[in-house]
1. Which pairs turn up if I take residues in region 146-163 that are under 18 Å from residue 52 (Cβ atoms) and look for partners that are surrounded by fewer than 20 Cβ atoms within 10 Å (Cβ to Cβ) and at pLDDT 85 or above with beta carbon separation below 7 Å, at least 6 apart in sequence or on another chain?
2. Are any of the residues in region 144-153 modelled with pLDDT under 85, charged (D, E, K, R) and either within 17 Å of the chain's Cα centre (by Cα) or assigned to a helix (DSSP H, G or I) (or both)?
3. Could you go through region 184-202 and let me know if any residue there is at pLDDT below 80, within 30 Å of residue 259 (Cβ to Cβ) and in contact with a helix residue (DSSP H, G or I) (Cβ under 8 Å, 6 or more places away or on another chain).
4. If you check 90, 124, 77, 104, which single one turns out to be modelled with pLDDT of 80 or more and under 16 Å from the mean Cα position of the chain (by Cα)?
5. Considering only region 213-221, I want to know if a residue exists there that is closer than 21 Å to residue 146 by Cα, surrounded by 14 or more Cβ atoms within 10 Å (Cβ to Cβ) and modelled with pLDDT under 85.
6. If you take the residues in region 29-47 that are over 21 Å from residue 105 (Cβ atoms) and either of a type in the set (A, V, I, L, M, F, W, C) or touching a Ser or Thr at 6+ places or on another chain (Cβ under 9 Å) (or both), which one is modelled with the highest pLDDT?
7. Among the residues of region 207-217, is any in contact with a helix residue (DSSP H, G or I) (Cβ under 7 Å, 6 or more places away or on another chain) and closer than 30 Å to residue 41 by Cα?
8. For residue 201, only one of the following conditions fails: (1) charged (D, E, K, R); (2) touching a residue at least 24 places away in the same chain (Cβ under 8 Å); (3) farther than 20 Å from residue 98 by Cβ; (4) surrounded by 14 or more Cβ atoms within 10 Å (Cβ to Cβ). What is its number?
Amino acid sequence: MAKTQSSVRKLVKPEYSAEKNLTDLMDATVALYKNNMSLQAIAEDLSLNPIKVRKLLITAGVYQSDIADAVQQTFQSFRTTQDYKTAVSSTMIALHLSRPSVTSYLPYEKGVYFPEDAEAENISAGAERQRHYRAVTALKKNPCESCFICTNVQETDLAGHGENVAEYAHKLRVADEVIGKIRAALKPDDIMVVMADHGNDPTIGHPHHTREKVPLLIAGSHKKPQCIGERATLSDVGATAADYFHAPAPQNGRSFLPLLR
């Protein structure tokens, strides 16, 4: 007699409950937040990405900000007539935000499990941020001889879009403080590049990108402060990183590494 195959999919981790995991994380996050801990401190305490901490607090209904309110209200207005994905896209257009920015301010609808070995293109932006955060944490515990770290400070961008001058100033102060700590920890062969891809002036009178020139600041062991000139493209930074690691040059950009020697 032939065996009848069951159409029920076996759980890879039958003991795993996404909903319970979400509830447990949310309870722990809220408890720390009510104890006046910052998002960064909560993230470090729970080994989470700070953006996930904020999303958990939003889901619990205890986190509020102008940009969060704007995203949620705009999203809900579209959600009455559109499906989730389309409503997110409409919110992106209305507020001039990226998809990760919009979804980071929306509450979780259900618990989600992301396998550690999933390919990057098959996981969400939120999961990729979590993977990146864990990688940086692991690197701090077990430093390697040579590595490349790219960090995007998203909060200044969001404050600029939200035309929130006080929040923008606060995030600049936080970034400035942390950049100082990183610079102090640089080893002789390390190079730190601080840059932006566009302006986001919160006082200009609209929530769109402002197109003023942006800074390119470089810290390292080069002998004396010097100007590397106005660069033609942001690709020069990528070309410089490739040059530093002796990797093939990218299609665009010119390395400014020789100017730092």
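1. From residues that are under 18 Å from residue 52 (Cβ atoms), the pairs are 153/175; 155/171.
2. Among the residues of region 144-153, not one is modelled with pLDDT under 85, charged (D, E, K, R) and either within 17 Å of the chain's Cα centre (by Cα) or assigned to a helix (DSSP H, G or I) (or both), which makes the answer no.
3. Within region 184-202, none of the residues are at pLDDT below 80, within 30 Å of residue 259 (Cβ to Cβ) and in contact with a helix residue (DSSP H, G or I) (Cβ under 8 Å, 6 or more places away or on another chain).
4. 104
5. Yes, region 213-221 contains at least one residue that is closer than 21 Å to residue 146 by Cα, surrounded by 14 or more Cβ atoms within 10 Å (Cβ to Cβ) and modelled with pLDDT under 85.
6. Step by step, filter region 29-47, then rank; the result is 31.
7. Looking for residues that are in contact with a helix residue (DSSP H, G or I) (Cβ under 7 Å, 6 or more places away or on another chain) and closer than 30 Å to residue 41 by Cα, one finds at least one in region 207-217, hence yes.
8. Here residue 201 clears every test but (3).
The values are calculated or read from the model by the stated rules, or taken from the named source; none is laboratory data. Being a predicted model, the structure only gives us computed values, none of them experimental. Every residue, glycine as well, gets a Cβ built from its backbone with ideal geometry; the counts of neighbours run over all protein chains shown.
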